[in-house]
Amino acid sequence: MTATVGVVQFPGSNCEHDAVEALRSLGAEARLLWHGDATVDGVDAVIVPGGFAHGDYLRPGAIARFSPVMDAVAAFAGAGGPVVGICNGFQVLTEAGLLPGALHKNEGLRFLCTTVELRVESTRSVLTGAASVGDVLRVPINHFEGAFTCDDETLARLEAKDQIVLRYVDNPNGSRADIAAVSNEAGNVVGLMPHPERAVSELLGSVDGIPLLRSIIGRASAPVA
């Protein structure tokens, strides 16, 4: 069965077409989901892409989390559906309460556009099932408010429940505990700041985003337990 992945499009999204093309290049069906629609019917996985949803007014993701589609995304996730938020999508998922923690301004108040090395910490999530623990992946970042933060109790819980999915090898932004990606406790919802959809071709500088996207596609192709 060919997996169908829905990519949410908000006013201000700017990576939705990149995600669609990357998914299609790996053999998945992919289509856009309009933020004003109250359904994600017909998809096997959802990606909330990067960009500046609603202009990032108030703070990133704070308005987007009230879009009608997010109720449908939450219901889909609650039923075990795979959901991945990339960059701004990570911010949206934390604002919506689908992931723990929050994202704040980078250390030094610097916008970062570079390629970083990520270490796979867990393969339990929908993002890393096709990877191995300890793998180091080169993937681009492109953000100003990308530093993950949480309180001590939440960090301890993330460690204990194997919810830290990726860590930066060399922390670029001051993210707590070098965290680049986290999951919910079930592992079916993941947020990451780096952009795997921009690392699917040597022409783009790296193919290390492929195992991450293949993980999403693979989980989307599998029946929900």
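May I ask you to list the residues in region 103-131 that are small (Gly, Ala, Ser), within 18 Å of residue 148 (Cα to Cα) and surrounded by fewer than 18 Cβ atoms within 10 Å (Cβ to Cβ)?
Across region 103-131, the qualifying residue is only 108.
Taking the options 58, 32, name whichever one is free of Cβ contacts under 8 Å to residues at least 60 places away in the same chain and in a loop (DSSP other than H, G, I, E, B). It would help to see each step written out before you state the result.
Values: 32 fails: in a loop (DSSP other than H, G, I, E, B).
Just one listed residue meets the conditions, 58.
Search region 20-68 for residues being among the β-branched types (Val, Ile, Thr) and more than 16 Å from the chain's Cα centre (by Cα), and hand back the single one that is farthest from residue 3 (Cα to Cα).
Step by step, filter region 20-68, then rank; the result is 63.
Listed residues 149, 154; which is closer than 19 Å to residue 87 by Cα and surrounded by fewer than 17 Cβ atoms within 10 Å (Cβ to Cβ)? Don't jump to the end; show me each part of the working.
Details: 154 fails: closer than 19 Å to residue 87 by Cα.
Exactly one of 149, 154 is closer than 19 Å to residue 87 by Cα and surrounded by fewer than 17 Cβ atoms within 10 Å (Cβ to Cβ), namely 149.
Can you tell me which residue within region 210-225, out of those that are of a type in the set (A, V, I, L, M) and farther than 13 Å from residue 22 by Cβ, is surrounded by the most Cβ atoms within 10 Å (Cβ to Cβ)? Write out each step before concluding.
So the first thing to find is which residues in region 210-225 are of a type in the set (A, V, I, L, M), and the list is 210, 212-213, 216-217, 220, 222, 224-225.
With farther than 13 Å from residue 22 by Cβ added as a condition, the list becomes 220, 222, 224-225.
Working: 220: 24, 222: 14, 224: 12, 225: 5.
Here the residue is 220.
When you go through 207, 200, 136 one by one, which is the residue that is surrounded by fewer than 16 Cβ atoms within 10 Å (Cβ to Cβ), under 18 Å from the mean Cα position of the chain (by Cα) and under 18 Å from residue 25 (Cβ atoms)? Before the answer, list the steps.
Details: 200 fails: surrounded by fewer than 16 Cβ atoms within 10 Å (Cβ to Cβ); 136 fails: under 18 Å from residue 25 (Cβ atoms).
After applying the criteria, what remains is 207.
So, residue 84, is that one part of a strand (DSSP E or B) and out of contact with any His (no Cβ under 7 Å at 6 or more places or on another chain) or not? Let's see the steps before the verdict.
Numbers: part of a strand (DSSP E or B): yes; out of contact with any His (no Cβ under 7 Å at 6 or more places or on another chain): yes.
So residue 84 passes the test.
Within region 37-55, work out how many residues are in a helix (DSSP H, G or I) and touching a helix residue (DSSP H, G or I) at 6+ places or on another chain (Cβ under 8 Å). Reasoning before the result, please.
Within region 37-55, the subset in a helix (DSSP H, G or I) is 53-55.
Cutting the leftovers down to touching a helix residue (DSSP H, G or I) at 6+ places or on another chain (Cβ under 8 Å) gives us 53-54.
Total meeting the criteria: 2.
Suppose we filter 20, 43, 48 for residues that are within 21 Å of residue 193 (Cα to Cα), in contact with a Lys or Arg (Cβ under 9 Å, 6 or more places away or on another chain) and β-branched (Val, Ile, Thr); which single one remains? Let's see the steps before the verdict.
Numbers: 43 fails: within 21 Å of residue 193 (Cα to Cα); 48 fails: in contact with a Lys or Arg (Cβ under 9 Å, 6 or more places away or on another chain).
Exactly one residue qualifies, and that residue is 20.
Restricting to region 180-197, what's the tally of residues that are surrounded by 19 or more Cβ atoms within 10 Å (Cβ to Cβ) and either free of Cβ contacts under 8 Å to residues at least 40 places away in the same chain or acidic (Asp, Glu) (or both)?
Matching residues across region 180-197 total 1.
One line per residue, one yes/no per condition, for (1) out of contact with any Lys or Arg (no Cβ under 9 Å at 6 or more places or on another chain); (2) in contact (Cβ under 8 Å) with a residue 40 or more places away in the chain:
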{"position": "82", "(1), (2)": "no, yes"}
{"position": "85", "(1), (2)": "yes, yes"}
{"position": "97", "(1), (2)": "no, no"}
{"position": "105", "(1), (2)": "yes, yes"}
{"position": "108", "(1), (2)": "yes, yes"}
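When region 24-36 is examined, which residues are found to be closer than 22 Å to residue 74 by Cα, surrounded by 15 or more Cβ atoms within 10 Å (Cβ to Cβ) and either modelled with pLDDT under 95 or touching a helix residue (DSSP H, G or I) at 6+ places or on another chain (Cβ under 7 Å) (or both)? Before the answer, list the steps.
First pass over region 24-36, keeping only residues closer than 22 Å to residue 74 by Cα: 29-36.
Filter once more, keeping what is surrounded by 15 or more Cβ atoms within 10 Å (Cβ to Cβ): 29-30, 32-33, 35.
Listed by number, the residues that qualify are 30, 32, 33, 35.
The values are calculated or read from the model by the stated rules, or taken from the named source; none is laboratory data. Everything numeric here is computed off the predicted structure, so don't read it as measured data. Cβ sites come from the backbone with ideal geometry, for glycine too, and all protein chains shown count toward neighbours.
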